[in-house]
1. Quick one: which of L157, L77 is modelled with pLDDT of 95 or more and within 21 Å of R246 (Cα to Cα)?
2. State which residue pairs qualify: first residue closer than 16 Å to R20 by Cα and inside region 198-225, second residue among the polar types (S, T, N, Q) and surrounded by 18 or more Cβ atoms within 10 Å (Cβ to Cβ) in any location, beta carbons under 9 Å apart, and separation of 6 or more residues or different chains.
3. Could you list, in sequence order, the residues of region 51-77 that are under 20 Å from D248 (Cα atoms) and not hydrophobic (A, V, I, L, M, F, W, C)?
4. Counting just the residues of region 11-28 that are among the hydroxyl-bearing types (S, T, Y) and in a loop (DSSP other than H, G, I, E, B), which one comes out nearest to L54 (Cα to Cα)?
5. Could you tell me which of the residues V178, V161 is in contact (Cβ under 8 Å) with a residue 40 or more places away in the chain and under 21 Å from P84 (Cβ atoms)?
6. Which number in (1) buried (at least 21 other Cβ atoms within 10 Å of the Cβ); (2) within 13 Å of the chain's Cα centre (by Cα) marks the one condition that R74 misses?
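The values are calculated or read from the model by the stated rules, or taken from the named source; none is laboratory data. Because the structure is predicted, anything quoted here is derived from the model rather than measured. Neighbour counts run over all protein chains shown; Cβ positions are idealised from the backbone, glycine included.
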Amino acid sequence: MGQHTPSDREIDVMTPSVARMYDWLLGGTDNYASDREACESLLKIAPSSKDLALTNRAFLRRVVHFLAQERGIRQFLDHGSGLPTRDNVHQVAQRVHPDTRVVYVDNDPIVLAHGRTMLEENAQTAVLCADMRRTDDIFNHPETGRLIRKNEPTAALFVSVLHCLPDHDDPGALLRRVAKQLAPGSYLVVCQIVSDDEGVRRGVTEMMAAATGGHWGRVRSKEEVTAFVKGWELLDPGLVEVSTWRPDSDLTVWNSGNEWEEWGGVVAL
């Protein structure tokens with residue numbers, strides 16, 4: 001996530017954006033030359049980046065379906081949602097409960113532009129062009145008030161986005177602020193990119209910070225991400241490499257020899 005106020009920003013096609021890079025890694029077309037060049041640089045450091053994006057997306061689909069089907073969640077707040085792609089949160093959840101409501105939050109103006117099309121198709125969704133660190137602004141937004149009922153359990157998603165926050169923004173504190181806003185019976189879905197290889201952590205972090213003009217945090221260790229959710233109840237199997245979180249197919253298993261992975265799970269509030 002970037003540091004600028006979204007309303008003050010135009011779509012900058014010369015500076016890579018995390019949302020558009022992710023779109024390219026997933027095989028999408030809503031990206032520019034700057035994004036593709038940054039992805040090529042990323043692949044030189046971390047060749048499994050495309051597989052990582054696909055694995056992460058599969059985790060998102062599984063966890064949303066699980067929370068809708070098994071836990072009865074009918075409202076989702078997706079922080080750092082990125083560009084619409086196949087099987088968005090509302091599509092997965094509404095196949096279980098057609099009345100599910102979803103608020104997407106991202107600070108890339110192109111996400112809002114594409115989100116307007118989504119809004120035309122589905123009145124039970126909203127897309128906020130907002131900074132995910134501004135918890136009060138998000139929960140006080142009229143569209144959040146329209147769709148998220150404060151007395152009902154909510155799933156707040158932070159899927160592959162906390163690595164976009166630098167340490168001084170304190171991702172753990174952000175999770176605690178959001179948790180305080182949620183009704184009992186709610187859930188936090190948390191995962192971020194981690195690596196046991198210090199060279200990978202440093203190389204990707206430096207490359208992404210330079211490419212995005214500082215709109216980046218860092219690749220962390222498993223221990224650092226685990227500390228974000230310390231003291232909370234985690235659903236089984238806890239924090240894990242996400243392809244092993246309640247897998248629905250052997251095909252989703254991540255290659256443990258890869259240079260990095262997505263590490264996460266689900267907190268029950």
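1. Being modelled with pLDDT of 95 or more and within 21 Å of R246 (Cα to Cα) holds for just one of L157, L77, which is L157.
2. Hits for this filter: A211/S34; T212/S17; H215/S17; H215/N107; W216/T205.
3. Within region 51-77, D51, T55, N56, R57, R61, R62, H65, Q69, E70, R71, G72 qualify.
4. Among residues in region 11-28 that are among the hydroxyl-bearing types (S, T, Y) and in a loop (DSSP other than H, G, I, E, B), the one nearest to L54 (Cα to Cα) is S17.
5. Unique residue meeting the criteria: V161.
6. Unmet condition: (2).
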